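*Asks:* Below you will find the structure I want to go over with you.
Coordinate-derived values only; no laboratory data. All figures in this text were calculated on a predicted structure; none of them were measured in a lab. Neighbour counts run over all protein chains shown; Cβ positions are idealised from the backbone, glycine included.
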Ligand SMILES: CC(C)(COP(=O)(O)OP(=O)(O)OC[C@H]1O[C@@H](n2cnc3c(N)ncnc32)[C@H](O)[C@@H]1OP(=O)(O)O)[C@@H](O)C(=O)NCCC(=O)NCCS
């Protein structure tokens, strides 16, 4: 059974593992091993993840299968906008509805937010298929220098539909 919860500091090493395995799987066809290694050691450093978990304006959600952390989301709120900066599901747990469920959990964490925004690398066809299926539309393009490699990303956005209680 999959359970969703907010991450605690004690989850940091398990989250780091999810990020490391899923980053390899997602980006190794267009990023070098050294770029992936730099990202996982800098962007996913334990201190970075701990700071995010402790920050009030940031939601770090995890999905567990039994005791094991198998997916994570990082999202933060800025006025009425949620920005999803990470959504990673371990390859062996993809396509079971976990991505959708974690995204919904981020909407619940920020009940006043009206829109949600994120960036997807343009070669990440799985990520693009997922967000398009969920009704996200391209609003912009952006470039990021990832440890010497220029990545082109698609900025996507959609309104959040909330069920009237
Ligand atoms: C993108 C990602 C988060 C989706 O998570 P997931 O739990 O596998 O997705 P879900 O099971 O919730 O999928 C919901 C719907 O999205 C679409 N979708 C998901 N994965 C897809 C794929 N590989 N190909 C085509 N459509 C896909 C499907 O329509 C799916 O519904 P269905 O399975 O009933 O057909 C996951 O594949 C992942 O972690 N990828 C690597 C990291 C990444 O790309 N993150 C997003 C960019 S930062």
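*Asks:* Please list the three semi-axes, largest first and in whole Å, of the ellipsoid equivalent to the range 21-88, using sqrt of 5 times the eigenvalues of its alpha carbon gyration tensor. Mind showing how you got there, number by number?
*Replies:* Numbers: eigenvalues 101, 50, 31 Å².
For the range 21-88, the semi-axes come out at 22, 16, 12 Å.
*Asks:* For 34, 65, what's the fewest-to-most ordering of other Cβ within 10 Å of each Cβ?
*Replies:* Ordered by Cβ neighbours within 10 Å, fewest first: 34, 65.
*Asks:* Let me ask something else about it. Can you pull the one-decimal nm distance between simple spin-label points at residue 138 and residue 79, each 7 Å off the Cα toward Cβ?
*Replies:* Result: 2.6 nm between the two label points.
*Asks:* Then there's this: Principal axis extents for the range 1-43, Cα atoms only, whole Å, descending order, please.
*Replies:* Extents along the principal axes: 33, 23, 11 Å.
*Asks:* Continuing with this model, one more query. Per DSSP H run of at least 4 residues, take -39500 (n - 2.57); add these up for the chain, divide by its residues and hand me the 222 nm value, nearest 500 deg cm²/dmol.
*Replies:* Values: 5 runs with 56 residues, N = 165.
Calculated at 222 nm, the ellipticity per residue is -10500 deg cm²/dmol.
*Asks:* Then there's this: If the chain between residue 122 and residue 41 were fully stretched, how many nm would it gain, using 0.36 nm times the residue separation less the Cα-Cα distance?
*Replies:* Extra length available between residue 122 and residue 41 comes to 26.8 nm.
*Asks:* Take the alpha-carbon positions of the range 71-141, form their convex hull, and give its projected area averaged over all directions (one quarter of the hull surface) in nm².
*Replies:* Numbers: hull surface 19.1 nm².
The directionally averaged projection comes out at 4.8 nm².
*Asks:* In a Gaussian network model over the chain where Cα atoms closer than 10 Å are linked, find which of 36, 98, 62 has the largest mean-square fluctuation.
*Replies:* 36
*Asks:* If the elastic network links every pair of Cα atoms under 10 Å, which of 75, 63, 113 fluctuates the most in the Gaussian network model of the chain?
*Replies:* Comparing 75, 63, 113 in the GNM, the peak value goes to 113.
*Asks:* Okay, next question. Each label point is 7 Å from the Cα along the Cα-to-Cβ direction; what then is the distance between the points at residue 58 and residue 158, in nm?
*Replies:* Between residue 58 and residue 158, the label points sit 2.6 nm apart.
*Asks:* A follow-up question, please. Would you list 72, 112, 156 from fewest to most Cβ contacts within 10 Å?
*Replies:* 112, 156, 72
*Asks:* What area, in nm² and to one decimal, does the C-alpha convex hull of the range 120-165 cast on average over all directions?
*Replies:* 4.1
*Asks:* For the chain, treating each Cα as an identical point scatterer without solvent, what Debye log10 I(q)/I(0) comes out at q = 0.17 1/Å?
*Replies:* -1.11
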